[in-house]
Structures are given as C-alpha cells and as structure tokens.
Amino acid sequence: MPLEKIVSDSERAWALWRINENETSLMAELDGIEEISSSITNPAKRLEWLAGRLLVSKIFSSMSLRFHGLTKDLHGKPYPIGYNHQVSLSHSFPYVAALVDRLGPAGIDLEQPKEKLFRIAPRVLHPLELADAADDLKKHCVYWCAKEALIKIHGQKNLTLAENLRIDPFHLAGEGDVRGRIIVSERETIIPLHYFVYPNFVMVLNERTIPL
C-alpha cells in the first residue's frame, strides 16, 4: 500500500494512500488490530475499510503512538481506542486519506471529479456557491469536499448542506485556502480549510485550529 504523502508532527498528521493490494495482504498488515465486519460485502468497500484503518495506524506510528483500533460514537464519528485524538477518514477508491489531531477538530474529504457533482449541486450548494462554481467541475469538487469536511467536524447529521454549511467564494488554484462556516441555531463557527487539486481527485482538510 504505497504512501503517497504524509505530513506529521507530534500533535497532528494527515496522510494519503493509493490502494493496490488485495484484501488478504491488507488484513495481514493490519495484523488483527481490527476485524472487518461481515456486513461489508462490496469488494472495493472492504478494501477501503481495511486501508483506512491501516492508514490511521501508520499515522499513529508517525506520531510515536500505538494504534489500538477505531470505535464510533452514536453519530458514526470515528474515535481511536484509548486516545482523545480526533480522527477523520475519507476514501474514493483507490484513494484513501486520513487526518488525526490531538488538540482540535479533524475533517478531511477527497473526491474524484465526476459529472454527478453537477446534478447534485442545486441541492447541496447555496445559490452564491452555485454561481461561483459555475461550470467548473473541479471547483464543484472543492465545494463538495469542503462541505463533507465540515460535516465530519460537526460530527452530527442534522444539517442542510446548502444552508447550514457555507463556503465563501474563492479563486481556484492547484491548492489554496477557503473559509468554511457551520451555521446552526443562529450560531456561526468559522472553520479555515485548505484544498489540494490533484490530477485525479480533490482533497480538502481543515487547518489546525482550537477545539470547537
């Protein structure tokens, strides 16, 4: 499982991988830390699940920590067993990304630019965002990934993407900063985000910040 990139220090790390192994080899490398659920039957989804856990274990190793597996809260948000670190995972086969932060929120998302983003845009983008993205597929992808990262930071699913999650208009480049806003019950939380536009996919993660 080739490591595409890792950015790590003792407090926070994120990494990106490309899956090219089979299920048996991924399970062997994970070495029994976690057992995949029999309810996950799709072959690609099984590879993503295994690769995601293995990637988090590699991140923990880079932070000089021992990985004991992941658990989930009532809303499905993952947490590392035995630690208070925040964890965020994303996958779009064959790519997997993960972010771990000891001090603050973690939200990461990657997506491959596909035509379906144009179809769903009217439902997930605010009119100002929709106008800014226009017919630029990669820009639509940044908006989508940014909102997914905000969902993971919020940690609950009681949100309307077009209204509760807002992304300020931006100029698209190879990578850059965007400002996200989580608006719930008249409270607005500003989340600084950073995006990367790779040849085959887009990735967005939150910048280091204080706990929410």
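A few remarks follow.
- Estimated FRET transfer efficiency when R0 is 25 angstrom, pair residue 83-residue 186 (beta carbons, to 0.05): 0.15
- Interchain or long-range residues, amide H under 5 Å from residue 107's placed H: 206
- Expected-Rg normalisation [2.2 N^0.38 Å, Cα atoms] applied to segment 3-103: 1.00
- Counting every C-alpha pair in segment 69-146, the share spaced more than 14 angstrom apart comes to 67%.
- Using Cβ point charges alone (K and R +1, D and E -1), the dipole size of segment 110-206 about the Cα centre works out to roughly 320 debye.
- Working note: Cα atoms of segment 15-62, range along each principal axis, descending, whole Å: 31, 21, 15.
- Each residue, residue 120 and residue 177, gets one label point 7 Å from its Cα in the Cβ direction; the gap between the two is 2.9 nm.
- Whole-percent pair-distance distribution, where bins are 10 Å wide, for the alpha carbons of segment 110-206: 17, 55, 26, 2
- The chain: relative contact order in percent, alpha carbon pairs under 8 Å with at least 6 residues between: 16
- Taking 57, 8, 38, 25 and counting other C-beta atoms within 10 Å, the order from fewest to most: 38, 25, 8, 57
- Label sites at residue 23 and residue 40, each approximated as a point 7 angstrom past Cα along Cα to Cβ, lie 1.0 nm apart.
- Normalising the Debye intensity of the chain to I(0), with uniform scatterers on Cα atoms only, and taking log10 at q = 0.09, 0.15, 0.16, 0.19 Å⁻¹ returns -0.34, -0.96, -1.09, -1.44.
- Peptide packing for 78-89, 137-148, 152-163 was compared via the average number of neighbouring C-beta atoms within 10 Å per residue; ordered from the highest value, the list is 137-148, 78-89, 152-163.
FYI, it's all coordinate maths here, none of it is from the lab. Just so you know, these numbers come straight off a predicted model, no measurement behind them. Quick reminder, even Gly has a Cβ in these numbers, built from the backbone with ideal geometry, and neighbours come from all protein chains shown.
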